[in-house]
Amino acid sequence: MKKINRFIIVDDDPHNNTLCEFVIGTITKEIEIVDFTSPEKGFSYVESTYGKGIDCPTVLFLDINMPVMSGWDFLERYHTLDEKIKKQITIYILSSSVDWRDKEKADHNPYVKSFVIKPLTKGTVQGILSGLL
Amino acid sequence: MNKRLKILHLEDLESDAELVERALVKGDVQFEKRVVDNRVDFFRELREFAPDIILSDHSLPSFNSTEALKMLKDEQISIPFILITATISEEFAVEVMKGGAYDYILKDRMQRLPNAIYNAIERHTLEMEREKYIESLRTSEANLRTILENATTAYILIDTNFKVVTFNPLASEYAKRDLHSDLQPNTYSIDYFQGERRPTLRRMLNDAINGINSSNFEVSFFKEEGHLKWYDCNIHGIMNSEQRIVGVILSLVDITERKRMDFQREKMTGDLIQRNKDLEQFAYIVSHNLRAPVANIIGFSTLMDEDWIDETMQRNCIYGISTAVKKLDEVVHDLNHILQIRREISENKETVYFSDLIESIKLSLGGLLKAGDVQIEYDFSGADKMETIKSYLYSIFYNLISNSIKYRREDVAPVIRVTSHKDQDRLELTFTDNGMGIDLEANKDMVFGLYKRFHNHVEGKGMGLFMVKTQVETLDGRITVDSKINQGTQFKIEFSV
C-alpha cells in the first residue's frame, strides 16, 4: 500500500471526529486530517480537491447514520466520480452500528474496504497504515 | 300359491257357503275360511282373522255388500273383495265395482271363482306396491323440497337450451337483490346477467352441458349502497340414469361475510407487518443511538489511559466523555418519553376545540411568531372539535406548527394554514406551510422515523415527527405527508369518528 498522505473523516457527530483526530494523533502527527460534520461538504471537498488529478493517497472514514445525506447516499454519489479520484481514496465505514445488515451492505459495496465499528482505535489506525486492514 | 289363503265369507245361507267351498276345493285352492252373516261379526273378523280376500253375498238380512265395501273404505282397510250373487243387473255390477269390488261371480258360474280370487289377489298386490312406490316418491320429493327451500345455497336448474327450469326461494331472493329481476321458469337464464358477464357464463354452461368440465368460481355483484356481495358459484351438469346430461345446476353460496373477514384479516396482517417493521426500525435506531455515545466514551476513556497525554488532552477527553454521557442520558429520556405515549392511552378523552389549541400554541410561541413574521391561519368550519386526548392533540398541533416555523424558507415569511374536513365517518386535519419542504423521493420511508433528520442547518433531534406519528397512531389515526422542496409541506391527519 502506498504511503497515506491524508485522513478524511465524514461524520455528523463532532465528538467522534475529535476522538478520531486524537487517536490518529497518538500514532502519527505527519498525516493531514480533514473532518466534515456535513457529508455534502465532505463530498464537495473530495470532488474538487481530487478532481484536479493530484497524487495524494487518502483514507476516508465514513459514518452511515447522518441526516440529509447518509453514508449510503454518499457512496452512491461517489460511484459517479472520475476513476482518477477514486484511485486516490480508500473508504472505511466507521459506524457505531452493530447491526449485521449494515455490515453486510458495506461488504457488498465495491468502494468500501472494510467496516470499522466505533470507536476508532490505535490498533485499527496502525492496521490501516501498515496495509493490514 | 303355497300359503293357505285366508278367506272371509259374508253369507247367511249355509248351502251357498258350501257351494263356494266346493268350488274352491275343486279348484285346488289351499284355504282357511270363516263365514259371517252380520255387520258385527264381519267387522270383528276383519281385525282378528285378517283375511287375504273377502267373498260376499250381496244381500243378507241385516247387512249387504255395499255396506261391507263402505265399511272397508271407512276403516281404510285394503282387502280384495269379490261379490258372489245369484242374479245381477249390469248397472248394479258397475256400481259395485265402483264401490271397490275387484270382481263379481254369478252363482251358476262358480267354476270361475278360483281364478277370480288369484287375479284379485295379484291385482291387489300390484296396487299395494304401486301405492307404496308413489308414497315413497312423494316423501322423497317432499324431503328434497324441504332441503331446497331451506338451503343456504341458491339453486337454479337450467336445461340444455339455457332455459330456467326451476329454482329455490333463495335463488329468487338473490336474483331480486343483486340482479334486480324476478326469476321465472322457462326464461332464458343468461339474460338475467349483465352484458359483459354473458359470454363467460354461456361458455361455462356450454362446458357443463357438453360434459367438458364443471366450473367453480367466486363472483361479486355491486349492491346499491356500493357494497359488494360475493358468491361462491358452482356450475355442473345433471346426468340422468343413462349417463346423459339433461341440464345444468347453478348453485350460489353467499360468501360476503367470509370475504369481508378475509379482507379484514389481510388488512390486519398488513398493519401488523407494518407495526413489526416500525418496531424493528425503532429497535435498530435506538440501539444505534445508544451505541454512538457509548463508542465515544470507550474511545475517550481508552485515550486517557495513555501515559503520555498532557493536561489539555486530558481535559478534551473528559469533555468528550461528559458530552457523550449527556447524550446517552438524553436518548434514555427520549425512550422513556416515547414508551410513555404508547402506554398512557388511559388518559380521559374530552371535547377539544381546534381553534383553542391554535390560540394557546400562538400564545406559547409568542415572540417567535413576531420575530419570524409568522402567520398562522385556520378554518375549522368543516369540523371545529373532536373527542380526544387533549394533551396528545396539542402536542401534534404544536410539533407540526413549530416544525413549519423551524423549517421555513429563509426569504419567505412563513404562512401556516390549518383546516378541517369531515365526512360520514372520518375527520381530516390538514396542515399546510410554505417552508423549505422535504425531499420525499429520497426520504419517503423515513419522514416519520425516529432520529431522522432532513436538514442540517437547523437544530433538531429527529424526534418531532416520530412523536407526532406515534401520538396520531395512539389516537387510532393516520398521518400522511406531501411535500415539494422550496414550495412547502402538507401533513394530513385522518381520524375515524
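Kindly provide the helix-only [θ] at 222 nm of the protein assembly as shown, computed as the sum of -39,500 (n - 2.57) over DSSP H runs of four or more divided by all residues, to the nearest 500 deg cm²/dmol?
-15000 deg cm²/dmol
Just going by the charge dipole of the range B:410-459, with Lys and Arg at +1 and Asp and Glu at -1 on Cβ, which of B:ILE438, B:LEU427, B:LEU450 is farthest out on the positive end?
B:LEU427
Round to the nearest 10 and give me the degree value, 0 to 90, for the angle of helix B:256-304's Cα axis relative to the longest principal axis of chain B.
Tilt of helix B:256-304: around 30 degrees.
For the range A:86-133, what are Rg and Dmax over the alpha carbons, in angstrom?
11.0, 29
Which of A:THR80, A:THR121, A:THR49 moves most in a GNM of chain A, Cα contacts under 10 Å?
So, out of A:THR80, A:THR121, A:THR49, the one fluctuating most is A:THR80.
In a solvent-free Debye calculation with one equal scatterer on each Cα, what is log10 I(q)/I(0) for the range B:336-405 at q = 0.15, 0.21, 0.28 Å⁻¹, listed in the order of the q values?
Relative scattering, expressed as log10 I(q)/I(0), comes to -0.58, -0.97, -1.27.
Can you give the relative contact order of chain B as a percent, counting alpha carbon pairs under 8 Å and 6+ residues apart? Could you put the intermediate results ahead of the total?
Details: 697 pairs, mean separation 34.2, N = 497.
Reported as a whole number, the value is 7 percent.
Placing +1 at every Lys and Arg Cβ and -1 at every Asp and Glu Cβ, with all other atoms neutral, what dipole size does chain B have around its Cα centre, in debye to the nearest 20?
1060
Using the scaling law 2.2 N^0.38 Å as the reference, what is the normalised Cα Rg of the range B:260-387?
1.73
Contact order normalised by length for the range A:21-88, with contacts defined as Cα pairs under 8 Å and 6 or more residues apart; what percent is it?
That works out to 37 percent.
Per-residue mean of other chain beta-carbon atoms within 10 angstrom of the beta-carbon, peptide A:9-22?
Across the residues of A:9-22, the mean count of other-chain Cβ atoms within 10 Å is 5.
Taking the Kirkwood radius as the inverse of the mean 1/r across Cα pairs, report the Rg/Rh of chain B.
With Rh from the inverse mean 1/r over Cα pairs, Rg/Rh is 1.45.
Pairing the Cα long axis of helix B:354-371 with the longest principal axis of chain B, what angle in degrees results, from 0 to 90 and rounded to the nearest 10?
20
Among the lysines, select those whose C-alpha is under 19 Å from the C-alpha of B:LYS326, and discard any that sit fewer than 8 residues away in the same chain.
Output for B:LYS326: A:LYS118, B:LYS461.
Can you give the convex hull volume of the alpha carbon atoms of the range B:140-252 per residue, in Å³?
Dividing the Cα hull volume of the range B:140-252 by its residues yields 103 Å³.
Ratio of Rg to Rh for the range B:345-487, alpha carbon only, Kirkwood?
Details: Rg = 15.1 Å, Rh = 15.9 Å.
Ratio of gyration radius to Kirkwood radius for the range B:345-487: 0.95.
How large is the charge dipole for the protein assembly as shown, taken about the Cα centre, if only the Cβ atoms of Lys, Arg (+1) and Asp, Glu (-1) carry charge, to the nearest 20 debye? Write out the running numbers ahead of the final one.
Working: 79 positive and 99 negative charges, 368 e Å.
Magnitude of the dipole: close to 1760 debye.
Note down the Stokes-Einstein diffusion coefficient of the protein assembly as shown in µm²/s, whole number, using a Kirkwood radius over alpha carbon pairs, 4 °C, and 1.567 mPa s.
On the way: Rh = 35.4 Å.
Using the Kirkwood radius from Cα pairs, D works out to 37 µm²/s.
Counting pairs of alpha carbon atoms under 8 Å apart in space and at least six apart in sequence, what relative contact order in percent does the range A:88-133 give?
Value for the range A:88-133: 40 percent.
Counting DSSP beta bridges with both partners in chain B, what percentage is antiparallel, nearest 5?
Among the beta bridges of chain B, antiparallel pairing accounts for roughly 70 percent.
For chain B, find the longest principal axis of its Cα atoms and tell me its angle to the long axis of helix B:464-474, 0 to 90°, nearest 10.
20
For peptide A:111-120, compute the average count of partner chain beta-carbon atoms within 10 Å of each residue's beta-carbon.
Working: counts 0, 0, 0, 0, 0, 0, 2, 7, 11, 2.
Whole-number average of other-chain Cβ neighbours for A:111-120 is 2.
With point charges of +1 on the Cβ of Lys and Arg and -1 on the Cβ of Asp and Glu, referenced to the Cα centre of the range B:100-140, which listed residue (B:ALA116, B:THR139, B:MET128) lies farthest in the positive direction of the dipole?
B:ALA116
Cut-off under 13 Å on the C-alpha distance; same-chain residues fewer than 8 positions from B:LYS484 excluded. Which aspartates and glutamates are left, in chain and number order?
B:ASP433, B:ASP439, B:GLU441
Rounded to two decimals, what is Rg over Rh for the range B:28-119 when you use alpha-carbon atoms and the Kirkwood radius?
0.93
Taking each residue of A:95-108 in turn, how many C-beta atoms of other protein chains fall within 10 Å of its C-beta, and what is the average?
2
Near B:GLY100, within a Cβ-to-Cβ distance under 9 Å, what is the net charge of the other residues, with Lys and Arg +1 and Asp and Glu -1? Mind dumping the intermediate values first?
On the way: positive: B:LYS70, B:LYS73, B:LYS98; negative: none.
With Lys, Arg at +1 and Asp, Glu at -1, the neighbours total +3.
Antiparallel versus total DSSP beta bridges in the protein assembly as shown: what percent is that, nearest 5? Could the numbers behind the result be given before it?
Values: 55 of 98 bridges.
Of the beta bridges lying entirely in the protein assembly as shown, close to 55 percent run antiparallel.
Can you give the Kirkwood hydrodynamic radius of the range B:132-201 from its Cα pairs, in Å with one decimal?
Radius from the Kirkwood sum: 13.4 Å.
Antiparallel versus total DSSP beta bridges in the range B:82-224: what percent is that, nearest 5?
50
Report the charge-dipole magnitude of the range B:260-348 in Debye, nearest 20, computed about the Cα centre from +1 at each Lys and Arg Cβ and -1 at each Asp and Glu Cβ. Please report the intermediate quantities before stating the final value.
On the way: 11 positive and 15 negative charges, 127 e Å.
It works out to roughly 600 debye.
Does the range B:69-119 come out rounded, prolate or oblate, given a ≥ b ≥ c as the square roots of the eigenvalues of its C-alpha gyration tensor, rounded meaning a/c under 1.5 and, failing that, prolate meaning a/b above b/c?
Since a/c reaches 1.5 but b/c is at least a/b, the shape of the range B:69-119 is classed as oblate.
Please identify, among A:ILE27, A:ILE93, A:ILE64, the residue showing maximal mean-square fluctuation in a Gaussian network model of chain A using a 10 angstrom Cα cutoff.
Residue with maximal mean-square fluctuation among A:ILE27, A:ILE93, A:ILE64: A:ILE27.
With a 10 Å radius around each residue's Cβ, average the other Cβ atoms per peptide and rank B:397-409, B:29-41, B:141-153, highest first.
Ranked from most to least packed, the peptides come out as B:397-409, B:29-41, B:141-153.
Projecting each Cα onto the charge dipole of the range B:267-381 (Lys/Arg +1, Asp/Glu -1 at the beta carbon, about the Cα centre), which of B:LEU369, B:LEU290, B:SER322 comes out farthest on the positive side?
The residue sitting farthest along the positive end of the dipole is B:LEU290.
Could you work out, for the range A:1-128, what percent of all Cα-Cα pairs fall into each 5 Å distance bin, beginning at 0 Å and stopping at the bin that holds the largest distance?
All Cα pairs, binned at 5 Å, distribute as 2, 11, 23, 26, 22, 13, 3, 0 percent.
Which Rg and Dmax, in Å, describe the Cα atoms of the range B:404-497?
13.7, 43
We did not get these values from a lab; they are worked out from the coordinates using the rules stated. Bear in mind that the values here come from a model prediction, so they are computed numbers and not experimental data. All Cβ positions, even for glycine, are placed from backbone atoms using ideal geometry, and neighbour counts span all protein chains on display.
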